[in-house]
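**Student:** Would you mind keeping the following structure in view while I ask a few things?
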């Protein structure tokens with residue numbers, strides 16, 4: 001009898017960029033409805049930055065950043081194969097740190113979303129900081145709340161993990177962004193004849209489908225960087241959040 005397929009995303013060894021992306025797409029294929037639902041929440045929240053909504057830009061950026069954090073957090077919990085009770089306990093234990101990371105990690109990428117000048121900066125920023133979100137969820141000490149000092153510990157650990165193979169991490173994130181932006185642009189352009197409503201619908205649908213791939217890819221990259229660190233024998237980043 002063949003071994004039963006794991007219900008969680010696993011990366012057991014260092015991988016090439018294409019292999020990390022393939023792992024992310026395999027995980028997406030296991031639970032497409034769940035991930036599209038998560039993506040739909042992020043896509044709808046991103047409309048807060050849409051000019052026609054009438055929300056103040058500062059509030060729009062804050063909403064988008066919080067949605068980024070919330071959807072990334074839920075994606076990590078789902079891809080980790082945790083039960084609802086375990087996921088709730090881990091999120092509750094780290095809620096203070098996660099709230100801070102919404103603005104440290106999430107806010108910069110919302111600022112770069114509509115301005116090409118910031119895209120490269122955002123990719124590099126995520127390569128350095130994005131691992132902090134799975135870190136506070138995976139590497140927390142049971143019964144010890146992760147507060148603001150723990151958030152900074154997670155950011156330091158994220159920076160150290162990124163240094164294991166920084167160009168590799170940046171390349172994976174760049175590909176994830178490129179796929180998302182390219183397909184979204186094509187869909188929006190294809191529905192150009194349907195006016196603003198058609199373009200808006202294309203934007204929401206494409207983000208709902210594609211953004212979860214970015215979240216899963218970031219989590220897969222975190223797991224992969226940990227394996228690279230293990231193979232390299234680097235024991236300098238054992239600090240827990």
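**Student:** What do you reckon, is residue 132 more than 18 Å from residue 211 (Cα to Cα) and within 14 Å of the chain's Cα centre (by Cα)? Spell out the reasoning first.
**Tutor:** On the way: more than 18 Å from residue 211 (Cα to Cα): yes; within 14 Å of the chain's Cα centre (by Cα): yes.
So residue 132 passes the test.
**Student:** Could you tell me whether any residue of region 120-133 is in contact (Cβ under 8 Å) with a residue 60 or more places away in the chain and surrounded by fewer than 22 Cβ atoms within 10 Å (Cβ to Cβ)?
**Tutor:** No, every residue in region 120-133 fails to be in contact (Cβ under 8 Å) with a residue 60 or more places away in the chain and surrounded by fewer than 22 Cβ atoms within 10 Å (Cβ to Cβ).
**Student:** Right, something else. Which numbered condition trips up residue 215, out of (1) more than 18 Å from the chain's Cα centre (by Cα); (2) within 24 Å of residue 25 (Cα to Cα); (3) at pLDDT 85 or above; (4) crowded, with 20+ Cβ neighbours inside 10 Å?
**Tutor:** (1)
**Student:** While we're here: Any chance you could count how many residues in region 83-106 are surrounded by 18 or more Cβ atoms within 10 Å (Cβ to Cβ) and under 15 Å from the mean Cα position of the chain (by Cα)?
**Tutor:** 6
**Student:** Still on this structure, please answer the following. Does residue 186 satisfy being more than 16 Å from the chain's Cα centre (by Cα), part of a helix (DSSP H, G or I), surrounded by fewer than 20 Cβ atoms within 10 Å (Cβ to Cβ) and modelled with pLDDT under 85? It would help to see each step written out before you state the result.
**Tutor:** Values: more than 16 Å from the chain's Cα centre (by Cα): yes; part of a helix (DSSP H, G or I): yes; surrounded by fewer than 20 Cβ atoms within 10 Å (Cβ to Cβ): yes; modelled with pLDDT under 85: yes.
It is true that residue 186 is more than 16 Å from the chain's Cα centre (by Cα), part of a helix (DSSP H, G or I), surrounded by fewer than 20 Cβ atoms within 10 Å (Cβ to Cβ) and modelled with pLDDT under 85.
The values are calculated or read from the model by the stated rules, or taken from the named source; none is laboratory data. The structure displayed is predicted, hence computed values, not measured ones. Neighbour counts run over all protein chains shown; Cβ positions are idealised from the backbone, glycine included.
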